[in-house]
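Since the structure comes first, as structure tokens, the remarks are kept for the end.
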Amino acid sequence: MHSSMEQLSNIDKNLVSLRKALTTHVLYDKLQTLEDVRVFMEYHVYPVWDFMSLLKGLQLRLTGMELPWIPAPNPMVSRFVNEIVLAEESDINELGEPKSHFEMYLDAMSELGADRSSIDTFIAGIRKGHSVAQMIDELSLDPAIANFLTVTFNIVDGGEPHQIASAFTFGREEVIPDMFLEIVRQSEKQTDKSFDKLTYYLQRHIELDGDEHGPLAMKMIGLLCGDDEQKWDEVLETAKEALEARLALWDAIAEKM
């Protein structure tokens, strides 16, 4: 029987090559101009959006979301999830207004001049009750975006809480490097414009993920898996699947540049 720390360490070791493939991806060398950042955002906005369904999938399964209400099975896990939901769904933007991180990202896209027509149409369709699969078809989304969304929603719809938590924690290896901010800063100088919304979004994300959400999510996985070896195996399997979908998306964005 292995402790949670040992199990998490084992998962980390097994994900090293996939993470390295992401952090050393050719995409980063190709990110040179503001136009490249726009292209990146037009693709990356879909993972920013579907991240919320992983999070809300956890909230639905792990906190008191049914009526009449009854206490959640594990109040500590409940608190972890609710804390993350509070920040991701209703954080405070750079103007002091409550906004989800997804909406902050959309604002940053507008500020940078990225094309929002695809994601706006997608969200409008979901709002009307269309399925994710219907909207993928309707918009003829790039196969890498379609695959990314399909992997996520297969996990959300069919996954147990520990599998959703795995995709949420390990599969969202956000590797937006300092260079991303550097391009934005250089563009601000050249164009005499300020891109406060994107800068704020990136800095807020780095702050939350590193300082708060990352450690909370790791604890949550430990509590959800306990001593169940099969659950730990499924956590690793799900993490690999989610990271592979991310790599395929990075490949597609690099090709577009």
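The values are calculated or read from the model by the stated rules, or taken from the named source; none is laboratory data. What you see is a predicted model, and the numbers here were worked out from it, not measured in a lab. Counting neighbours? That spans all protein chains shown, and the Cβs are built from the backbone with ideal geometry, glycine included. What goes into the accessible areas is simple: the full protein's heavy atoms, side chains included, and nothing from ligands, DNA or RNA. Shrake-Rupley method; radii C 1.70, N 1.55, O 1.52, S 1.80 Å.
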query = What share of all Cα pairs of region 1-121, in percent, falls into each consecutive 10 Å distance bin?
reply = 11, 25, 33, 23, 7, 0
request  = Could you tell me which of the pairs K13/K219; K20/K197; K56/K99; K13/K231; K56/K231; K219/K240 are separated by over 24 angstrom between their Cα atoms in the structure shown?
outcome  = K20/K197
task = Using the 2.2 N^0.38 Å rule of thumb for compact globular proteins, work out how the chain stacks up: its C-alpha Rg over that value, please.
result = 1.02
task = Go ahead and estimate [θ] at 222 nm for the chain from helices alone: -39,500 (n - 2.57) per DSSP H run with n ≥ 4, summed, over the residue count, rounded to 500.
result = -24500 deg cm²/dmol
ask   = When the distances between all Cα atoms of region 104-257 are binned every 10 Å from zero, what whole-number percent does each bin get?
value = 9, 28, 37, 21, 4, 0
query = At a 1.4 Å probe radius, carbon and sulfur cover how many percent of the accessible area of region 1-156?
reply = 57 percent
query = Going 7 Å from the Cα of S194 in the Cα-to-Cβ direction, what parts of region 88-127 have a backbone nitrogen less than 18 Å from that spot?
reply = 93-97, 107-113
ask   = Excluding same-chain residues fewer than 8 positions from K193, which aspartates and glutamates have a Cα within less than 20 Å of its Cα?
value = E35, D36, E94, D107, E111, D115, D178, E182
query = Looking at region 13-111, which chymotrypsin sites (Phe, Trp or Tyr not before Pro) are in a loop (DSSP not H, G, I, E or B) and have at most 16 other Cβ atoms within 10 Å?
reply = W69
request  = Using a 1.4 angstrom probe, figure out how much accessible area region 29-166 has per residue, in square angstrom, rounded to the nearest whole.
outcome  = 47 Å²
ask   = What helices in the chain pass both tests, a Cα length along the helix axis of 24 Å or more and a mean Kyte hydropathy of 0.5 or higher, using whole DSSP H runs?
value = none
